[in-house]
Amino acid sequence: MISPTLPPELKAALDGKLQGFSRTDAAQRSQKISITYRAGGGSGTIKSDADALAYALARMPATYAAVAASLNALTEIAPDLAPETLLDVGAGPGTASWAAAEAFSSLQDFTLLDANATLSRLALDLARDSTRLADCRYLPGDAGANLAEVSQADLVVASYIIGELGERDQRALTEAMWAKARHALVVIEPGTPAGYARILALRQQLIAAGAHVAAPCPHEKPCPLVAPDWCHFNQRLPRSQAHRQIKGADVPFEDERFIYVALTRTPPTMRASRVLAPPDVGKAEITAKLCTEQNVELAKVPRRDKAAYAGARRWRWGDAVMAES
């Protein structure tokens, strides 16, 4: 399991870029970019090096935390997965590549794709002195077009990218990414009902193409949740002083809501139920909402069952719960 916080090399590279950079200016730029994303826009508003850095300072910590949590879930269900090659689709400043490098010591080759040349310059700059990412390849240009040209990779990751596309382009990109994934594909989106809907559509499309779901679902059946309920998870991460200033925030932490799916070419060797909400710890019992191989259920663990109760007290939203638990 890897930490949700930025690795020291990346934090040092960002801190170095922050020297002499106005945090007030960064806050204004990042707010403008955030408004564009929330309105359904993409990275087109990131046009200058200052824009790219402001975006990275504001969003890299939370994006990294969500990708780290998603990769942790994959490695828990597929512990033998040892990818040597990575394809990072819609890489932006390279956040997912940094997380994958932490999650898989086996990775040796990193290829990043993104249409935003400004973000690609920043990604290469941040990776320049990295022990793992210094030799990464970054191909600027349309990810869909570049996917047709690149070789297969053991692991393909796409974080916060499919929401920038129309429905037809989403399906085309999904098909192209799966074609390039030799062993596994992980896709992460914002933990909103719209992000959940996009992940559901991708999941359904790729199950039909022969993919197996490793996480978060313990099955390949249709999602049993009924609207207005939706599947999503939360990762809490600490905020540095600079991060708080740029985000205009007072609290020393941030909660990133996200949804993901991890798909593999071969069936997972184990299945695990998934905790879908913060468990309710009562005096007499612990109640937890679990997605199981059969359905969604409210698991009740009585205090009198001391061993099971002690185990259930450790459950957190998003955790995998193995059958023996």
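The values are calculated or read from the model by the stated rules, or taken from the named source; none is laboratory data. Please read these numbers as outputs of a predicted model, since none were measured by experiment. We place every Cβ from the backbone using ideal geometry, glycine too, and count neighbours over all the protein chains shown. Note: accessible area is taken over every heavy atom of the protein model, side chains too, but ligands, DNA and RNA are not part of it. Shrake-Rupley method; radii C 1.70, N 1.55, O 1.52, S 1.80 Å.
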| said: Condition first: out of contact with any Phe, Trp or Tyr (no Cβ under 6 Å at 6 or more places or on another chain), outside any loop (DSSP other than H, G, I, E, B) and either among the polar types (S, T, N, Q) or open to solvent by less than 50 Å² (accessible area, probe 1.4 Å) (or both). Now tell me which residues in the stretch 290-314 satisfy that. | reply: Leu290, Cys291, Val296, Ala299, Pro302, Ala308, Tyr309, Ala310, Gly311, Ala312
| message | Return the residues of the stretch 53-107 that are in contact with a His (Cβ under 9 Å, 6 or more places away or on another chain), modelled with pLDDT under 95 and open to solvent by 10 Å² or more (accessible area, probe 1.4 Å); say none if nothing qualifies. | response | Leu57, Pro61
| task | Could you list, in sequence order, all residues of the stretch 113-140 that are open to solvent by less than 40 Å² (accessible area, probe 1.4 Å) and either of a type outside the set (Gly, Ala, Ser) or touching a strand residue (DSSP E or B) at 6+ places or on another chain (Cβ under 8 Å) (or both)? | result | Leu113, Asp114, Asn116, Thr118, Leu119, Ser120, Leu122, Ala123, Leu126, Leu133, Cys136, Tyr138
| remark: Counted residues in the stretch 232-253 being modelled with pLDDT under 95 and within 30 Å of Thr174 (Cα to Cα) come to 2
| Which listed residue, of Arg203, Arg198, Arg236, is of a type in the set (Lys, Arg), loosely packed, with under 15 Cβ neighbours inside 10 Å and in contact (Cβ under 8 Å) with a residue 24 or more places away in the chain | Arg236
| For the stretch 176-192, does any single residue satisfy the condition of being in a helix (DSSP H, G or I) and without any contact (Cβ under 8 Å) to a residue 40 or more places away in the chain? | yes
| remark: Being surrounded by fewer than 18 Cβ atoms within 10 Å (Cβ to Cβ) and modelled with pLDDT of 90 or more narrows Arg274, Arg257 down to just Arg257
